[in-house]
Amino acid sequence: MLEAPARKNAVDQGFIHRIPVTSATYSAILGGMSQKLDDIDLQILDALQDDARTPFVRLAQSLGVSDTTVRARVDRLVRRFGVRFVVDIDPKELGMLYFYLGVRVQGPAMTRAVARMSALPEIIFLGRTVGGYDLLAEMVARDNADMVRMLDEIRSITGVTQIDAFTVLTIEKENWRFTGLARD
């Protein structure tokens with residue numbers, strides 16, 4: 001395996017390259033399709049989560065396979081398992097506020113509420129949930145006034161009955177790695 005580069009520099013610069021593993025990948029790894037991901041696939045995912053910019057030739061050398069093999073496997077991981085390559089930017093480094101919303105929506109208005117909230121560019125994640133909230137959203141805002149404006153806009157959506165906003169003061173743990181759970 002490749003030695004993990006120090007993440008401190010990426011964090012200090014306000015961005016971390018990571019591979020978000022989608023629910024399709026999670027299901028594939030933990031939901032019975034794990035036989036389709038062998039140890040080489042998992043090692044590739046581990047290495048690319050350390051540094052998604054790792055050249056395939058270097059990755060292939062560290063794994064003892066050809067770069068053609070690495071390229072084909074990464075293409076398959078992207079096509080079949082929902083692996084994506086993104087640049088993850090810390091909103092605070094852009095001078096923005098970052099917060100979570102727990103939203104309760106009254107019954108039949110759910111589809112309309114999801115559509116309206118999804119159309120807001122400030123909402124960067126929106127998911128249906130079980131438990132105390134119907135929706136969980138991640139949002140960014142330029143400042144407190146912008147946050148108030150966005151909350152008022154969401155409150156105006158038919159069917160929205162409650163919004164709880166949560167600001168993250170410090171991140172105590174951030175881990176996007178769960179490929180180890182797919183190993184026996």
**Complete:** How many residues of the stretch 58-72 are surrounded by 14 or more Cβ atoms within 10 Å (Cβ to Cβ) and either closer than 24 Å to residue 176 by Cα or of a type in the set (Gly, Ala, Ser) (or both)? The answer is 7
**Prompt:** From the list 82, 64, 107, which residue is farther than 25 Å from residue 170 by Cα, at pLDDT below 90 and outside the structural domain of residue 153 (by TED's automatic domain parsing)?
**Reply:** 82
**Prompt:** Residue check: is residue 55 buried (at least 16 other Cβ atoms within 10 Å of the Cβ) and either at pLDDT below 90 or not assigned by TED's automatic domain parsing to the domain that holds residue 123 (or both)?
**Reply:** no
**Asked** What do you reckon, is residue 175 assigned by TED's automatic domain parsing to the domain that holds residue 101 and modelled with pLDDT under 95?
**Response** no
**Prompt:** Pairs under 8 Å by beta carbon, first residue without any contact (Cβ under 8 Å) to a residue 60 or more places away in the chain in the stretch 62-77, partner surrounded by 15 or more Cβ atoms within 10 Å (Cβ to Cβ) and part of a loop (DSSP other than H, G, I, E, B), six or more apart or different chains?
**Reply:** 74/83; 77/83
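Is one or more of the residues making up the stretch 165-173 over 20 Å from the mean Cα position of the chain (by Cα) and surrounded by 12 or more Cβ atoms within 10 Å (Cβ to Cβ)?
No: the stretch 165-173 contains no residue that is over 20 Å from the mean Cα position of the chain (by Cα) and surrounded by 12 or more Cβ atoms within 10 Å (Cβ to Cβ).
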**Asked** Mind checking whether some residue in the stretch 74-88 is over 15 Å from the mean Cα position of the chain (by Cα), surrounded by fewer than 12 Cβ atoms within 10 Å (Cβ to Cβ) and closer than 25 Å to residue 45 by Cα?
**Response** yes
**Prompt:** Pick from 95, 132: which is of a type outside the set (Ser, Thr, Tyr), exposed (fewer than 14 other Cβ atoms within 10 Å of the Cβ) and in contact with a strand residue (DSSP E or B) (Cβ under 9 Å, 6 or more places away or on another chain)?
**Reply:** 132
**Prompt:** Going by the structure shown, is residue 155 loosely packed, with under 15 Cβ neighbours inside 10 Å and basic (Lys, Arg)?
**Reply:** yes
**Request:** Please verify whether the stretch 125-146 includes one or more residues that are of a type in the set (Val, Ile, Thr), outside the structural domain of residue 40 (by TED's automatic domain parsing) and over 20 Å from the mean Cα position of the chain (by Cα).
**Result:** no
**Message:** Any residue that is at pLDDT 50 or above and assigned to a helix (DSSP H, G or I) - is there at least one of those in the stretch 12-23?
**Reply:** no
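The values are calculated or read from the model by the stated rules, or taken from the named source; none is laboratory data. None of the values given here were measured: they were computed from a predicted structure. Cβ sites come from the backbone with ideal geometry, for glycine too, and all protein chains shown count toward neighbours.
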